[in-house]
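Colleague: There's a structure below that I have some questions on.
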Amino acid sequence: MEIPILHEDNHLLIVEKPVNIPVQEDQTSDADLLNMLKQDIKERHQKPGNVYLALLHRLDRPVGGAMVFAKTSKAASRMSDKIRRKQITKQYIAVIRGLPEHESGQLEDYLVKDRRKNQVRVANVKEVKAKKAILDYQVLATSKGLSLVKINLHTGRPHQIRVQFASRGYPLYGDQKYGSTVNKVGQQIALWSYQIGFDHPVKEQETYYTSTPPNQYPWNIWRNQLFV
C-alpha cells in the first residue's frame with residue numbers, strides 16, 4: 001500500500017495514515033503503519049540494516065489523517081518534549097450524529113479505559129484510574145441530522161473524541177463501539193486527523209501539515225467546505 005507523504009526531511013516524516021490500519025503491530029498481526037514506513041524508507045533511500053523511525057503519537061485503527069514520525073533520536077527526543085509541554089497542536093474534524101445545542105464549546109470529562117475490552121467510559125473524578133480529558137469544538141456545518149465539527153485536543157486520551165461526544169448523545173458517524181444503536185456495521189467512522197502544527201525540532205520554524213478526508217459519504221456532504 002502506498003502511504004501519502006505530506007512532508008519529509010532528514011528529521012521528520014509526516015504522512016497521511018490510511019483508515020483501518022493499526023499504527024503499530026498489535027495482536028491481529030495485520031500489517032502496521034510503522035513497519036510499512038520503515039520498509040518504504042529502506043527501499044526509497046536504499047538504507048542498509050535497520051531503519052530508525054520513532055512513533056510519537058497514535059491514531060485509532062479506524063481513523064485516518066496526518067501523523068508525524070521522527071527519523072532521528074534527536075528529533076524524537078525534542079518532539080516528545082514538545083508533546084509533554086503541549087507545544088504541538090492537533091486539530092481533528094468529525095461528523096457527529098445530531099445537532100449540538102451550542103455551536104462551539106469545551107468538553108471536559110474524566111475517562112477510564114477498560115484495557116480488556118479496549119473500551120473507554122466517562123468516570124467520576126474520584127475514581128483511581130480516571131484521567132482528565134479536555135477538547136474544544138466548533139460546529140462548521142449541519143445537514144440532515146449530521147454535524148461537521150472541528151476539534152482541538154488539549155489532552156490525548158484513548159478514544160477521547162469518540163467517548164466525549166457519544167456521552168452527550170452525539171456519537172460519531174460510523175462508530176459502532178460508542179454508537180451501536182444508530183450506526184451500522186460496515187460504516188466507516190468519520191473522524192480525521194486534519195492538521196498538526198509545531199515548531200520544527202531542528203529548524204525551529206513554525207509548520208502546519210494538513211490532511212483532507214476522502215471525498216466520500218458523509219464527508220462529501222460538505223464538499224464545498226472540505227474539498228476546495
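The values are calculated or read from the model by the stated rules, or taken from the named source; none is laboratory data. Keep in mind the model is a prediction, meaning the values are calculated, not measured. No Cβ is skipped: glycine too gets one built from the backbone with ideal geometry, and neighbour counts run over all protein chains shown. For accessibility, only protein heavy atoms count, side chains too; no ligands or nucleic acids. Shrake-Rupley method; radii C 1.70, N 1.55, O 1.52, S 1.80 Å.
Colleague: Would you please name the chymotrypsin sites (Phe, Trp or Tyr not before Pro) within the stretch 191-227 that are DSSP coil residues with at most 16 other C-beta atoms within 10 Å of their C-beta?
Modeller: Details: sites: W192, Y194, F198, Y208, Y209, W219, W222, F227; in loops: F227.
Answer in residue order: F227.
Colleague: Specify whether the C-alpha gyration tensor of the stretch 144-206 places it in the rounded, prolate or oblate class, a ≥ b ≥ c being the square roots of the eigenvalues: rounded for a/c under 1.5, otherwise prolate if a/b is larger than b/c and oblate if not. Don't skip to the answer; put the middle values down first.
Modeller: Details: a/c = 2.71, a/b = 2.47, b/c = 1.10.
Since a/c reaches 1.5 and a/b is larger than b/c, the shape of the stretch 144-206 is classed as prolate.
Colleague: With loop defined by DSSP as not H, G, I, E or B, and exposure as at most 14 other Cβ atoms within 10 Å, which is the longest segment of the chain clear of exposed GluC sites (Glu not before Pro)?
Modeller: Values: sites that count: E2, E25, E101, E103, E127, E204.
That would be 128-203.
Colleague: Now a separate question. Hand me the tally of lysine pairs in the stretch 1-124: alpha carbons under 18 angstrom apart, and the pair either on different chains or 8 or more positions apart.
Modeller: 11
Colleague: Looking at the square roots a ≥ b ≥ c of the eigenvalues of the Cα gyration tensor of the stretch 112-228, which shape do they give, rounded for a/c under 1.5, prolate if a/b is larger than b/c, or oblate?
Modeller: Details: a/c = 2.04, a/b = 1.09, b/c = 1.87.
Oblate, since a/c reaches 1.5 and b/c is not below a/b.
Colleague: Which percent, nearest 5, of DSSP beta bridges in the chain are antiparallel? List each step's numbers first, then the result.
Modeller: Values: 51 of 53 bridges.
Restricted to the chain, the bridges split so that about 95 percent are antiparallel.
Colleague: So, one more: Given the rule -39500 (n - 2.57) for each run of at least 4 DSSP H residues, summed and divided by the residues of the chain, what is its mean residue ellipticity at 222 nm, to the nearest 500 deg cm²/dmol? Before the final figure, lay out the partial values.
Modeller: Numbers: 4 runs with 35 residues, N = 228.
That calculation yields -4500 deg cm²/dmol at 222 nm.
Colleague: Enumerate the aspartates and glutamates that K203 could reach by cross-link, defined here as Cα to Cα under 20 Å, with residues fewer than 8 away along the same chain left out.
Modeller: Filter leaves E8, D9, D81.
Colleague: What's the FRET efficiency of S29 with Q205 using the Cβ-Cβ distance as r and R₀ = 35 Å, to the nearest 0.05? Display every interim value, and only then the final one.
Modeller: Values: r = 39 Å, r/R0 = 1.13.
Between S29 and Q205 the formula returns 0.35.
Colleague: Within the stretch 119-228, list the trypsin sites (Lys or Arg not before Pro) lying in a DSSP loop whose Cβ has at most 16 other Cβ atoms in a 10 Å radius.
Modeller: Working: sites: R121, K126, K129, K131, K132, K144, K150, R162, R168, K177, K184, K203, R223; in loops: K126, K129, K144, R168, K177, K184, K203.
Filter output for the stretch 119-228: K126, K129, K144, R168, K184, K203.
Colleague: Something else: Before I look further, what does the stretch 75-146 give for accessible area per residue, probe 1.4 Å, in whole square angstrom?
Modeller: Numbers: 4700 Å² over 72 residues.
Computed with neighbouring chains in place, this is 65 Å² per residue.
Colleague: Okay, next question. For the chain, take the longest principal axis of its alpha carbons; what is the angle in degrees between that and the long axis of helix 73-84, to the nearest 10 within 0 to 90?
Modeller: Once rounded, the angle reads 20 degrees.
Colleague: According to the square roots a ≥ b ≥ c of the eigenvalues of the Cα gyration tensor, what is the shape class of the chain, taking rounded for a/c under 1.5, prolate for a/b larger than b/c otherwise, and oblate for the remainder?
Modeller: prolate
Colleague: Using Cα atoms only, what is the angle between the long axis of helix 33-44 and the major principal axis of the chain, expressed in degrees (0 to 90) to the nearest 10?
Modeller: Computed tilt is about 30 degrees.
Colleague: Of the heavy-atom accessible surface of the stretch 77-228 (probe 1.4 angstrom), what whole percent is carbon and sulfur?
Modeller: Details: 3780 of 8570 Å².
Roughly 44 percent of what the probe reaches on the stretch 77-228 is carbon or sulfur.
Colleague: Under the 0.36 nm per residue contour assumption, what length would be gained going from the current alpha-carbon distance of V182 and Q87 to full extension?
Modeller: Working: separation 95, 0.36 × 95 = 34.20 nm, distance 3.66 nm.
Full extension of this stretch gives 30.5 nm more.
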